[in-house]
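The values are calculated or read from the model by the stated rules, or taken from the named source; none is laboratory data. All of these numbers come straight from a predicted model, not from anything done at the bench. Neighbour counts are summed over all protein chains in view; Cβ atoms, including those assigned to glycine, are modelled from backbone coordinates with ideal geometry.
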Amino acid sequence: MSTEVTPNPSTEVDPRSRRREITATVVDATLACVLLLGVYYVIPFTDLSSGQSLLRLALGVGIFVMVLVWQLRRVTRAEYPVLRAVHGLAVTIPLFLVAFAAVYLSLSLGTETHFSEELDHTGALYLAITIFSTVGFGDITPESELARILVSVQMLLDLVVIGVVVRLLTTAAKTGRRNRPTGSADV
């Protein structure tokens, strides 16, 4: 005796709506990343002291935490929490990387001895990404004690971001799915 599950039309999303939601999520996340990178590339780095670099780091981490909390709330209340969680990752991870890239750029422009080479916007972003991904090609290395400390802080926070942030967003998506009204569709 085989039991066949017949789909309940009230709980399924039609393929067109599913594609529309996925497309909207991809477009929104892409636009958010483009805006974030655009802001990063036009930030003037005029005060380049080490103190200002540390202030930029504190500000960047503070903004990251605020955006993460906001994204978690949006995930738990979303009609499509899994898509909202993907969007949350697509926004928070680049924000985290840009925050560190801004600090590395500020340090590099302030004193050329912080890194093995002078960094521009792209070089600083590249360094933040290679540290995050643990690739560490070795082409750009921290040379000063302050730069080594900041790179070490990023490495430790990378573990937190990868483990805790992904877990928080996954849990929020599960909570959002449980809190949806019965019969609502899932994308």
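Below are the figures for this structure:
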quantity	calculated
Residues (of a type in the set (Val, Ile, Thr) and without any contact (Cβ under 8 Å) to a residue 40 or more places away in the chain) located in the range 62-77	Ile63, Val65, Val67, Val69
Residue that is modelled with the lowest pLDDT, among those in the range 22-32 that are of a type outside the set (A, V, I, L, M) and surrounded by 12 or more Cβ atoms within 10 Å (Cβ to Cβ)	Thr25
Residue in the range 10-21 that is at pLDDT 90 or above and surrounded by 13 or more Cβ atoms within 10 Å (Cβ to Cβ) present	yes
Failed condition for Tyr40, given (1) in contact with a helix residue (DSSP H, G or I) (Cβ under 9 Å, 6 or more places away or on another chain); (2) at pLDDT 90 or above; (3) farther than 18 Å from Ile129 by Cβ	(3)
Scan of the range 44-77 for residues that are of a type in the set (D, E, K, R) and at pLDDT 85 or above, ordered by number	Arg73, Arg74, Arg77
From Leu95, Leu109, residue being touching a Phe, Trp or Tyr at 6+ places or on another chain (Cβ under 6 Å), in a helix (DSSP H, G or I) and modelled with pLDDT under 90	Leu109
Checking Arg167 against (1) over 14 Å from the mean Cα position of the chain (by Cα); (2) assigned to a helix (DSSP H, G or I); (3) free of Cβ contacts under 8 Å to residues at least 40 places away in the same chain, the condition it does not meet	(1)
Selection status of Glu117, among the charged types (D, E, K, R), under 20 Å from Arg56 (Cβ atoms) and in a loop (DSSP other than H, G, I, E, B)	no
In the range 170-185, residue modelled with the lowest pLDDT [restricted to those that are part of a loop (DSSP other than H, G, I, E, B) and surrounded by 15 or more Cβ atoms within 10 Å (Cβ to Cβ)]	Ala185
Residues of the range 82-140 satisfying the condition of being buried (at least 19 other Cβ atoms within 10 Å of the Cβ), within 18 Å of the chain's Cα centre (by Cα) and small (Gly, Ala, Ser)	Ala85, Gly88, Ala99, Ala101, Ala102, Ala124, Ala128
Selection count where residues are touching a residue at least 60 places away in the same chain (Cβ under 8 Å), within 19 Å of the chain's Cα centre (by Cα) and either surrounded by fewer than 16 Cβ atoms within 10 Å (Cβ to Cβ) or under 15 Å from Asp28 (Cα atoms) (or both), scope the range 38-54	1
Inter-residue pairs, beta-carbon under 7 Å, first part of a loop (DSSP other than H, G, I, E, B) and in the range 125-153, second aliphatic (A, V, I, L, M) and modelled with pLDDT of 95 or more, 6+ apart	Ile140/Leu127
The range 55-81: number of residues that are part of a helix (DSSP H, G or I) and either buried (at least 16 other Cβ atoms within 10 Å of the Cβ) or basic (Lys, Arg) (or both)	15
